[in-house]
Amino acid sequence: FVYASTVFGELPSYVMLVYWIPQSPPTIPDNASHQVGIAAFVFNEEGQVLVVQEKCGPYKDSGLWKMPTGRINQGEGIKEGAIREVHEETGIDAEFVEVVGFRDGHNAPFGKSDMLFVCLLRSVSSNIVVQDTEISAAKWMAIEEFASQPKNQQSKLLKDMIGVCVANVNGRCKGFSGIGISSNSRKPSAFYCNALYSQ
C-alpha cells in the first residue's frame, strides 16, 4: 500500500510505503498529526520574568518581548523540553514548577496541528547567554512591564496565558503538577500532570 498525506489540498507532502501482511484492513497510523511545543514563563525572586526577542519567526522585528518557546523533541517529556529550551535560548538554568495551561491549534508549519503547553519555571541561575541563531536579545523584565506590552494586551490568547502565569506566581491559582511515573514496559518513564487539590 502507498499512503500519501495531503496538506491544505496541495500535493502530498510525504509518501509512506507499507506492506501489510495479515488478511485484514491495515491499522498502521498515518504520519504524526500533531507537533508539541512549550512556552516557558520563567520567573525569579526579584519579581522578573525571562523574556526574549526572536531573530526569526512571526515576531521578528516586532519589538515584542516574549516567553522562550520551542518544540519538544521525539522521546522528550514536556518538563525536560521546557527546561532544555530555556537553557538553549538563554543559558538560564531553571526548575520546572507546573503546567498552567495549553493551547490546541491547527494549520501549523508542515501541515500539522500544534499543541502548546504553557509551563511555569523558577530560575536557578541569572546570567543570560543568548543563543544567537534564533534569539536576537534576552533579558530579565519586571513581570508587570512584560504583561502590559501592547501586543500582550491586544491579544486575548496572550493576555490570558500571561494572566494565569502571573496569578500563579502570586499564589492566586495553581496549575497542573507534574508527577513522574514509572513504566511497566521497557519504555522511558512517563510524566503525568494533574490539577492540584486538597484532600
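The set of residues in the stretch 70-95 being surrounded by fewer than 21 Cβ atoms within 10 Å (Cβ to Cβ) and within 23 Å of ASN152 (Cβ to Cβ) consists of GLY70, ARG71. Specify the residue that is nearest to GLU134 (Cα to Cα); the eligible residues are those in the stretch 60-99 that are touching a Leu at 6+ places or on another chain (Cβ under 7 Å) and in a strand (DSSP E or B). Top of the filtered list is ALA94.
Across the stretch 48-59, the qualifying residues are those that are at pLDDT below 95 and more than 12 Å from VAL130 (Cβ to Cβ), and the one among them that is surrounded by the fewest Cβ atoms within 10 Å (Cβ to Cβ) is PRO58.
Which of the numbered conditions does ALA138 fail, given that it passes all the others? Conditions: (1) crowded, with 16+ Cβ neighbours inside 10 Å; (2) in contact with a Gly (Cβ under 9 Å, 6 or more places away or on another chain); (3) in a helix (DSSP H, G or I); (4) not polar (S, T, N, Q). Unmet for ALA138, out of (1) crowded, with 16+ Cβ neighbours inside 10 Å; (2) in contact with a Gly (Cβ under 9 Å, 6 or more places away or on another chain); (3) in a helix (DSSP H, G or I); (4) not polar (S, T, N, Q): (3).
In a residue-by-residue description of the stretch 26-35, the property of being of a type in the set (Asp, Glu), modelled with pLDDT of 80 or more and within 28 Å of the chain's Cα centre (by Cα) applies to no position. Within the stretch 98-133, the set of residues being within 26 Å of HIS34 (Cα to Cα), surrounded by fewer than 21 Cβ atoms within 10 Å (Cβ to Cβ) and β-branched (Val, Ile, Thr) comprises just one member, THR133. Screening ARG172 on (1) farther than 24 Å from ASP61 by Cα; (2) touching a strand residue (DSSP E or B) at 6+ places or on another chain (Cβ under 9 Å); (3) not in a helix (DSSP H, G or I) shows it passes everything except condition (2).
The values are calculated or read from the model by the stated rules, or taken from the named source; none is laboratory data. Everything numeric in this text was worked out from a predicted model, so none of it was measured. So basically every Cβ, Gly included, is an ideal-geometry build from the backbone, and we count neighbours across all protein chains shown.
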